[in-house]
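Reviewing the structure listed below.
The values are calculated or read from the model by the stated rules, or taken from the named source; none is laboratory data. Please read all numbers here as calculations on a predicted model, not as lab measurements. Cβ placement follows ideal geometry from the backbone for every residue including glycine, while neighbour counts extend to all protein chains displayed. The area values use the complete protein model at the heavy-atom level, side chains included, leaving out ligands, DNA and RNA. Shrake-Rupley method; radii C 1.70, N 1.55, O 1.52, S 1.80 Å.
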Amino acid sequence: MARRRQAVTIRHVAADAGVSLQTVSRVINRETGVRPKMIARVQAAIDRLGYVPSIAAQRMRGSRSYLIVALNDRERTIADWQARQGTDWIDQMLLGSMLTCAEHGYRMIVELVDTHSDHVVRELMAAIAALQPDGVLLTPPHSENPLIIRLLEAQHISFARIGSVHEGAGFALTMDDERAARLATEHLLELGHQRIGFIAGPTDYALSDWRVTGWREAMATAGLDVEGLLARGDFGYASGRAAAIALFDTADPPTSIIASNDQMALATLETCRERGIAIPDDLSLVSFDNTPIVRFTHPPLTAIDQPIAEVAARAVELIIADITGAAVPEQPIVIPAKLVLRQSTARCQSASEANEPLIEY
């Protein structure tokens, strides 16, 4: 029988680097006060020996679990998975948070919790008891749920709130949804559109109303009325289709539409095809999210690109800084979105016709 290879331990690293166990531990745990030369020396020993820190051992040696839990909306996440409609928001959140956790010796775990459930506190307490996380990452709509926020505060768990600007416990981070909606609206205004429709998300997501506010403000600044131009969906494809139909069936339909996520934008695109509405000749269309699929539609969609990975990475950094006692900046942290121009927006035909010189025969 082959002999099992002996596991490399922290003692082997200390002996190889010629330092104490305490020094190795401080380097592994990213503690402050260790000289850069010493950090490099210990890291070189870790690399030579192939040492991998044991989370279980770390937990036994101290009060930290080296786990950060991300709470995501159960109902909507599972619905997207089952419909196979893509979960790029979650993918980007995990990209930013998992890589940042790994840089600091932490692990990221995702828990699905129904924020509308009467048992949300019980569910969350069960997860905390089982995992004993050092920190929690709240995604919308959890980031605005007062029950969850009060529970984490009472448990003295460091947490970050993505998509939140409210003062209070936890670190608030936002992509400035109001500004993003203004950006999309101003782009369409510059193209001569005056009837700019908006398909908003559900009201249980605070960011839905922030986006509506940004759209309204841009329209008001341009001196334009928004009566009959607002429809709501639930971020799902079917709701986007219903919202688009509602806008098209008005007495004075829009010449352009901003949809609050890619699923509702795709539904609007398909509804246009069914009705013979050409994009961008007859209607300009802008989406939020900028998931990969909008690059491959016909035409490719102009979209608000949300820096989800960057926001999630920053959230993890703030949680770990709080855990280790490092300085943290003032709140909220704003990481702005940007507008990516593609072929789904063009100058409004009615505006172009109005600007054409009159030819007399």
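Given the residues Ala220, Ala243, Ala238, which is the only one that is part of a helix (DSSP H, G or I), among the aliphatic types (A, V, I, L, M) and touching a Gly at 6+ places or on another chain (Cβ under 7 Å)? Even if it seems obvious, please write down each step before you answer.
On the way: Ala220 fails: touching a Gly at 6+ places or on another chain (Cβ under 7 Å); Ala238 fails: touching a Gly at 6+ places or on another chain (Cβ under 7 Å).
Just one listed residue meets the conditions, Ala243.
Scanning segment 172-200 for residues that are among the aliphatic types (A, V, I, L, M) and either closer than 24 Å to Thr139 by Cα or open to solvent by 10 Å² or more (accessible area, probe 1.4 Å) (or both) turns up Ala172, Leu173, Met175, Ala180, Ala181, Leu183, Ala184, Leu189, Leu191, Ile199, Ala200.
Report yes if some residue within segment 221-232 is in contact with a Pro (Cβ under 8 Å, 6 or more places away or on another chain) and of a type in the set (S, T, N, Q); otherwise report no.
no
Which of (1) of a type outside the set (Asp, Glu); (2) in contact with a Gly (Cβ under 9 Å, 6 or more places away or on another chain); (3) open to solvent by 50 Å² or more (accessible area, probe 1.4 Å); (4) over 19 Å from Ala267 (Cα atoms) is the odd one out, the single condition Thr203 does not satisfy? Failed condition: (2).
Take the conditions (1) open to solvent by less than 20 Å² (accessible area, probe 1.4 Å); (2) more than 25 Å from Thr174 (Cα to Cα); (3) not hydroxyl-bearing (Ser, Thr, Tyr); Trp215 misses just one of them, which is (2). Entry remark, segment 265-316: residues being open to solvent by 40 Å² or more (accessible area, probe 1.4 Å), touching a residue at least 24 places away in the same chain (Cβ under 8 Å) and assigned to a helix (DSSP H, G or I) number 7 in total. Listed by position, the helices (runs of 4 or more DSSP H) enclosed by segment 5-70 that each have at least 2 residues that are modelled with pLDDT under 90 and closer than 23 Å to Val136 by Cβ are 55-61.
Screening Gln155, Gln132, Gln82 for residues that are of a type outside the set (A, V, I, L, M, F, W, C), modelled with pLDDT under 90, under 30 Å from Val340 (Cα atoms) and open to solvent by 70 Å² or more (accessible area, probe 1.4 Å) leaves exactly one candidate, Gln82. Checked against (1) within 21 Å of Ala180 (Cα to Cα); (2) in a helix (DSSP H, G or I); (3) open to solvent by 10 Å² or more (accessible area, probe 1.4 Å), Ile323 passes all but a single condition, namely (1).
Residue count for segment 336-352 satisfying the condition of being within 30 Å of Ser158 (Cα to Cα) and surrounded by 18 or more Cβ atoms within 10 Å (Cβ to Cβ): 1. Note on segment 149-207: enclosed strands (runs of 3 or more DSSP E) holding 2 or more residues that are among the small types (Gly, Ala, Ser) are 158-162, 196-200. Being buried (at least 18 other Cβ atoms within 10 Å of the Cβ) and part of a strand (DSSP E or B) holds for only one residue in Leu137, Leu124, and it is Leu137.
For segment 60-76, the criterion of being open to solvent by 60 Å² or more (accessible area, probe 1.4 Å), of a type in the set (Phe, Trp, Tyr) and either in contact with a helix residue (DSSP H, G or I) (Cβ under 9 Å, 6 or more places away or on another chain) or free of Cβ contacts under 8 Å to residues at least 12 places away in the same chain (or both) is met by none of the residues. From the list Leu95, Leu99, pick out the single residue that is closer than 18 Å to Asp289 by Cα and open to solvent by 60 Å² or more (accessible area, probe 1.4 Å). It is Leu95. Selection of segment 102-114 for residues being open to solvent by 20 Å² or more (accessible area, probe 1.4 Å) and closer than 22 Å to Ala172 by Cβ yields His104, Met108, Val110, Glu111. Cβ-Cβ contacts under 7 Å between residues 6 or more apart (or on different chains), taken from a first residue in segment 246-262 that is more than 16 Å from Arg216 (Cα to Cα) to a second residue that is open to solvent by 20 Å² or more (accessible area, probe 1.4 Å) and among the hydrophobic types (A, V, I, L, M, F, W, C), are listed as Asn261/Phe235; Asp262/Ile293.
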